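Peer 1: Have a look at the structure that comes next, please.
Values in this text are rule-based calculations from the coordinates and carry no lab data. In this text, all values refer to a predicted model and were calculated from it rather than measured experimentally. Cβ placement follows ideal geometry from the backbone for every residue including glycine, while neighbour counts extend to all protein chains displayed.
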Amino acid sequence: MTRAESAPIRLGTRGSALALAQSQRVADSIAARVGSPVELVAITTQGDTSTASLASLGGTGVFVAAVREALLAGECDVVVHSLKDLPTAPHDQLVIAAMPKRADARDALVSREGLRLEALAEGARVGTGSPRRRAQLRRRRPDLEVVDLRGNVDTRIGRVLGDRDGLDADLDAVVLAAAGLERIGRHDVISELLGIDGWPTAPGQGALAVEVRADTRGALRSALQGLDHGATRVAVEAERAVLRLLEAGCAAPLGAHAFIDGGMLFLSARVYSPETGECVSSAHALYVDDTPTPAIDAAQRVVDELLRQGVAELAPLGGDR
C-alpha cells in the first residue's frame, strides 16, 4: 500500500538525547528540501538496554540492528545512524543515501576542574567504553586507572562533574566525542580537545549516515542527494575501508582519519596494542581525480603498510564488520 502523499516522512532513530538531537537536524534539512513534515520515530536498540561493555556485545552494530529492522519493516521511511556505529559491510536491501557534512572528528576530555590530560594526578580514574581510547590512554598516561564506562552522554559527564540528582562523581575524567557534546549543547564541559595527529579517532567519528531502503525513490531520495556532502563521503569511506580491509570490528583499538585538501585525499591510521598502548601507523595520499576509487585505493596502501609492520600480531583483528 502506498502511503498518502500528505503523510509525514517518518525518520527512525535511537532514542537517546544525542541520537534525537542529531536526527532532528537531519529531519529539519529533509523537511526544508521536500516541503513536508518529518517526524521522529524513536527505536530502542540492544546497545541502549544492555549494561555490558561494547566490546563484549560485539561492538559495531549493537546500536544499528533494531533501527534497520524498523526501516525494513516499513515502520519508518529513513533512518539516521552515527556512522562510526555502522558495520562496514554493505547491506543488500539498504543504502546510505546521504552523509551530511562532518562535524568535529576529535575526542574531548571532560575533567574535574578543567584539567588537561597531562595535568591529571597520577592514578586518576578516567572512564571510557572504547578499546581504542583505553589503549591511547595507556600509551599517553600509563599511570592512570582506566575505568570501563557505559551510559548516555549526560550520565558519563555526571560521573565526573556530578549530576542533577545530587549523586557524587566517582571519576576524575571521561573521554567523549566532541561532536556529540556539541550536538547536545554541552561543548562548555570540554577541558581539552585531543588533536587528531596524536590521538586519531574512530573511523567515521563526527559523521552521520542517512539510510533508506534501496528501492526508495521520489522526493525523499532527491532530498537526500542534496544533503550528501561529497568530501565527507570520500574521507569517511577511506577510513571505513581500513576497518574492512583489516577485517577489524569495533573491538579493535584502531584510529583513522582522512580529509581532502587541494584535490588530494590524505589518509592516516594507527593500530594499538590493547595491553601496552604500543602502536603502528601508516599514512598515504593520492589525487582524488587520479582513480575512480580513491577511498579504496588509499585504504589499501595504508593497510598494506600496516600489515608489513606486523599489525596482525599487535592487536586483535577479525572482528564483526
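Peer 1: For the stretch 101-168, what is the relative contact order in percent, using Cα pairs closer than 8 Å and at least 6 residues apart in sequence?
Peer 2: Computed value for the stretch 101-168: 30 percent relative contact order.
Peer 1: What FRET efficiency comes out for the pair Glu305/Asp197, r = Cβ-Cβ distance, R0 = 25 Å, nearest 0.05?
Peer 2: About 0.90, to the nearest 0.05.
Peer 1: Quick check: from the Cα gyration tensor, does the chain come out rounded (a/c under 1.5), prolate or oblate?
Peer 2: Since a/c reaches 1.5 but b/c is at least a/b, the shape of the chain is classed as oblate.
Peer 1: Let me ask another. Indicate the gyration tensor shape class of the stretch 236-310 (rounded, prolate or oblate), computed on the Cα atoms with a ≥ b ≥ c the square roots of the eigenvalues: a/c under 1.5 is rounded; otherwise a/b larger than b/c is prolate and the rest oblate.
Peer 2: In terms of gyration-tensor shape, prolate.
Peer 1: What is the spin-label model distance, in nm, from Ala214 to Ala17 if the labels are put 7 Å beyond Cα along the C-beta direction?
Peer 2: 4.0 nm
Peer 1: Now for a separate question. Show that you can apply the helix-only estimate: for the chain, add -39,500 (n - 2.57) for every DSSP H stretch of four or more residues, divide by all residues, and state [θ] at 222 nm to the nearest 500.
Peer 2: -9500 deg cm²/dmol
Peer 1: Relative contact order for the chain: what is it in percent, counting Cα pairs under 8 Å that are at least 6 residues apart?
Peer 2: Normalised by residue count, the contact order of the chain is 21 percent.
Peer 1: Just to be sure I understand the rule: take each whole DSSP H helix in the chain, project its Cα atoms onto its long axis, keep it if the span is 18 Å or more and its mean Kyte-Doolittle hydropathy is at least 0.0. Which ones pass?
Peer 2: Counting only whole DSSP H runs, the qualifying helices are 17-34, 230-245, 294-308.
Peer 1: Length gain on complete extension for the stretch Arg116 to Ala283, per 0.36 nm per residue less the alpha carbon to alpha carbon distance?
Peer 2: Contour length minus the Cα-Cα distance gives 57.4 nm.
Peer 1: If you don't mind, there's one more thing I want to ask. For the stretch 178-255, rounded, prolate or oblate, judged on the Cα gyration tensor with a ≥ b ≥ c (square roots of eigenvalues), a/c < 1.5 rounded, else prolate if a/b > b/c?
Peer 2: Oblate shape, in that a/c is at least 1.5 and b/c is the bigger or equal ratio.
Peer 1: Shifting gears a bit: How far apart, in nm, are two points set 7 Å out from the Cα along the Cα-to-Cβ line at Ser222 and at Glu69?
Peer 2: Output for this residue pair reads 3.5 nm.
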